[in-house]
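The values are calculated or read from the model by the stated rules, or taken from the named source; none is laboratory data. Values in this document were obtained by computation on a predicted structure and should not be read as measured data. Here Cβ is always computed from backbone atoms with ideal geometry, including for glycine, and neighbour counts include all displayed protein chains. The accessibility values were calculated without ligands, DNA or RNA, using every heavy atom of the protein model including side chains. Shrake-Rupley method; radii C 1.70, N 1.55, O 1.52, S 1.80 Å.
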Amino acid sequence: MPQNPLLSDWTTPFELPPFADIKPDHFTEAFEKAMAEGRAEVDAIADQQTEPTFENTIVALEKAGETLSRVARTFFNLSGAHTNPELQAIERDIAPKLAKHSSETLLNGVLFDRIAALWDKKDDLGLNEEEARVLERYHKMFQRAGAGLEANDKSRMAEISQRLATLGTSFSQNVLKDEADYQLVLETEEDRAGLPDFLLAAAEEAARERGLNGKHVITLSRSSIEPFLQFSSNRALREEAFKAWSARGENGGDTDNRAIVAETIGLRAEKAKLLGFDTFADFKLDDTMAKTPQAVRDLLMKVWQPAVKRAAEEEAKLADMARSEGGNFKIAPWDWRYYSEKVRKAEHDLDEAEIKPYLQLDRVIAAAFDTAHRLFGLNFEEKKGLPVYHPDVRVFEVTDRDGKHVGLFLGDYFARPSKRSGAWMSAFRSQHRLKGDVSPIIVNVMNFSKGAPGEATLLTFDDANTLFHEFGHALHGLLSNVTYPIISGTSVARDFVELPSQLYEHWLSRPEVLSRYAVHYRTGEPMPKDLLDKLLAAENFNQGFATVEYTACALVDLEVHLLTDTDKLDVTAYERQALAKIGMPEAITMRHRVPHFAHAFAGDGYSAGYYSYMWSEVMDADAFGAFEEAGDIFHKETAERLYTHIYSAGGRPDPEETYKAFRGRAPKIDALLEKRGLAAA
Ligand SMILES: [Zn+2]
């Protein structure tokens with residue numbers, strides 16, 4: 001049998017995974033061997049007879065498990081961005097095994113004793129700032145996994161982790177299946193009424209990909225369904241499509257996520273209790289900037305009240321607009337985007353279909369690269385012919401001011417049925433210096449509707465913002481300049497990690513960037529100044545809606561993770577009650593309803609953590625002010641401080657301290673309220 005490519009040395013350019021040689025089967029064997037190898041390495045560290053030192057324990061742990069990390073990163077990047085039934089079966093099988101493997105390390109008492117001994121004498125070890133932080137992270141990670149518990153509790157913790165891994169995998173696969181199974185075929189003129197050219201072209205392309213040549217298909221991908229809801233004048237179809245979108249994970253049968261969510265919440269609560277916390281939210285927040293549920297609620301409620309008020313004003317205008325066209329109904333969730341588009345046109349003389357021809361994907365990518373060049377001196381050069389996992393993936397080599405290699409950036413921009421929804425950044429390899437200079441390989445994954453063959457892909461302004469957002473995360477990974485993997489790049493507090501990404505969005509909305517890169521895809525003409533002005537003037541438009549749909553999610557995510565009694569939890573009923581309690585407007589739904597709320601339930605990542613975007617936004621709105629105050633959005637010294645304290649620092653510094661080091665003071669919430677147009681007049 002030929003060598004398993006996952007277990008051989010990678011001789012590919014830049015040591016990219018040799019995707020063409022990797023078959024799904026290879027993962028099963030590779031995971032098993034890599035886990036065994038990692039287990040032996042960790043056991044050897046735990047069982048040393050010598051006194052624990054930083055070098056023989058922490059550094060050794062940082063170096064252990066390299067094969068497993070390489071296999072797992074390759075696997076999970078594929079399972080998110082380009083999966084298939086074989087990979088999905090492997091994922092269901094491997095997720096609990098990986099959780100077990102991880103528990104065996106984190107619950108190893110002998111190993112924890114070594115770490116705890118180091119922690120007890122941390123001040124006498126002569127550690128530098130970064131080493132001290134790494135030791136603290138290790139101690140905390142083991143403690144939070146239950147390393148200090150009694151034997152019985154430890155085995156229960158391990159069971160819970162495995163079960164949660166299985167539940168998270170199923171949750172995610174169910175949502176993907178519900179999305180892939182749905183298509184709205186637009187058969188007649190009436191079905192297509194109101195749709196602009198760009199959407200018809202994208203719908204034709206989506207149909208072609210599904211073997212329905214010559215037809216038009218709307219999918220549940222955000223970049224397909226949202227413009228449909230925005231432009232379709234066929235109210236019945238809008239309702240049908242919206243309901244399908246909203247019901248993902250709640251359709252009964254095999255892909256229904258409600259029982260999965262209930263069990264997940266129960267197990268999380270139990271885990272928190274074992275670790276000595278009142279609730280899962282208390283446990284989760286203990287290791288963040290926010291620290292407590294009350295601090296999170298305080299922040300969210302500061303924006304919730306003005307947002308609901310603003311949304312009511314917006315709704316009244318939508319209702320007027322509907323009435324003026326003879327529509328005598330209360331605005332429903334499937335009406336909001338449609339009438340809001342009309343009101344925007346009336347109030348700001350601004351039409352999404354008019355903007356879109358100026359937002360070509362390639363030019364927006366170029367704008368993101370150029371901004372990184374002007375801020376941080378980075379250069380991006382596309383490399384053809386490198387190994388990729390799908391022909392749509394593009395690879396760029398990133399170099400610094402002096403032409404030195406920084407890393408690789410992969411861009412995977414188009415929606416397809418094998419990709420989960422949303423947009424994200426991930427790493428095939430993280431930067432560190434523990435085994436020589438290891439450079440990062442970072443990927444951005446998006447779900448844009450692809451233009452027809454030979455035609456440019458056109459973005460909405462929201463899409464372009466998403467691209468800048470994820471590219472901000474990518475820079476956080478690419479610019480990382482640390483020694484230890486555990487604090488590399490985006491390995492920072494959950495409510496700090498959205499700062500580099502959200503901050504980056506600010507540059508897109510500046511005329512200095514937009515006027516250079518927004519050019520018409522047919523004529524090459526730059527966006528007319530009055531259109532640009534109108535676009536920027538309309539930035540606060542519909543912010544009541546946007547803030548409500550987001551904040552409702554963040555509040556429900558918090559509340560549901562404060563539950564202690566989850567027996568017979570009916571998640572749909574719970575969601576309804578929780579929304580009623582905060583006075584959710586009927587015409588708006590949560591941005592992600594609980595049965596498909598992947599941030600909270602497809603894994604542990606953003607559970608009791610969806611508020612993080614708002615927490616980070618307090619900082620990003622405030623941080624951009626530093627450039628505005630300097631009178632130059634590419635101000636050299638400010639950009640240098642940004643590089644030093646935020647983008648290159650990884651998890652080395654304390655987040656609060658490093659923010660202050662950049663800004664010269666703690667963040668204020670004023671800029672956020674102003675940015676969203678919610679500041680008291
Ligand atoms: Zn983000």
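For the reader, a short list of remarks on this structure follows.
- Rounded to 5, the percent of DSSP beta bridges in the chain classed as antiparallel: 75
- Residue-count net charge about D349 - beta-carbon cut-off 10 Å; Lys, Arg +1, Asp, Glu -1: -1
- Shown in residue order for the stretch 28-42 are the 3J(HN,Hα) couplings computed by the Karplus curve 6.51 cos²θ - 1.76 cosθ + 1.60 at θ = phi - 60°: 4, 5, 5, 4, 4, 5, 5, 5, 5, 4, x, 4, 4, 5, 5 Hz (x for Gly and Pro).
- For the chain, the longest principal axis of the alpha carbon atoms and the long axis of helix 571-582 meet at an angle near 70°.
- Test item: Cα-centred dipole of the stretch 409-506, Lys/Arg +1 and Asp/Glu -1 on Cβ, debye: 460
- For the stretch 586-681, the ratio of Cα radius of gyration to the globular rule of thumb 2.2 N^0.38 Å stands at 1.32.
- Spatial separation of Cα centroids for the stretch 228-252 and the stretch 100-120, in angstrom: 50
- In the chain, the longest principal axis of the Cα atoms and the axis of helix 66-81 are about 20 degrees apart.
- For the listed peptides 422-430, 327-335, a ranking on the average number of other beta carbons within 10 Å per residue, highest first, reads 422-430, 327-335.
- The residues of the stretch 465-597 expose on average 35 square angstrom of accessible surface per residue, using a 1.4 Å probe on protein heavy atoms.
- Percent accessible area from carbon and sulfur atoms, the chain, protein chains only, probe 1.4 Å: 49
- Annotation: the stretch 540-635 has a Kirkwood hydrodynamic radius of 15.2 angstrom, from the mean reciprocal C-alpha pair distance.
- For the pair T564 and Q305, label points projected 7 Å from Cα toward Cβ lie 2.9 nm apart.
- Given R0 = 25 Å, the distance between the Cβ atoms of D120 and D286 translates into a calculated FRET efficiency of 0.75.
- Spacing of the two label points (7 Å from each Cα toward its C-beta) at T523 and R374, in nm: 2.5
- When its C-alpha radius of gyration is set against 2.2 N^0.38 Å (N residues), the chain gives a value of 0.95.
- Stokes-Einstein D (µm²/s) once Rh is taken as the Kirkwood radius of the stretch 181-241 over alpha-carbon pairs, at 25 °C in 0.890 mPa s: 219
- Taking θ as phi - 60° and the Karplus parameters 6.51, -1.76 and 1.60, the scalar couplings of the stretch 430-447 work out to 9, 5, 6, 10, 7, 10, x, 7, 8, 8, x, 10, 10, 10, 10, 10, 10, 10 Hz in sequence order, x denoting glycine and proline.
- Karplus-derived 3J(HN,Hα) values for the stretch 470-485, using 6.51 cos²θ - 1.76 cosθ + 1.60 with θ = phi - 60°, are 5, 5, x, 4, 4, 5, 4, x, 6, 8, 3, 9, 9, 8, 9, x Hz; glycine and proline are entered as x.
- Expressed as a whole percent, the proportion of Cα-Cα pairs in the stretch 1-116 lying more than 23 Å apart is 38%.
- In the chain, the longest principal axis of the Cα atoms and the axis of helix 151-181 are about 30 degrees apart.
- Cα gyration tensor of the stretch 1-48 - equivalent ellipsoid semi-axes, whole Å, descending: 26, 14, 8
- Solvent-accessible heavy-atom area per residue, rounded to whole Å², over the stretch 229-290 at 1.4 Å: 36
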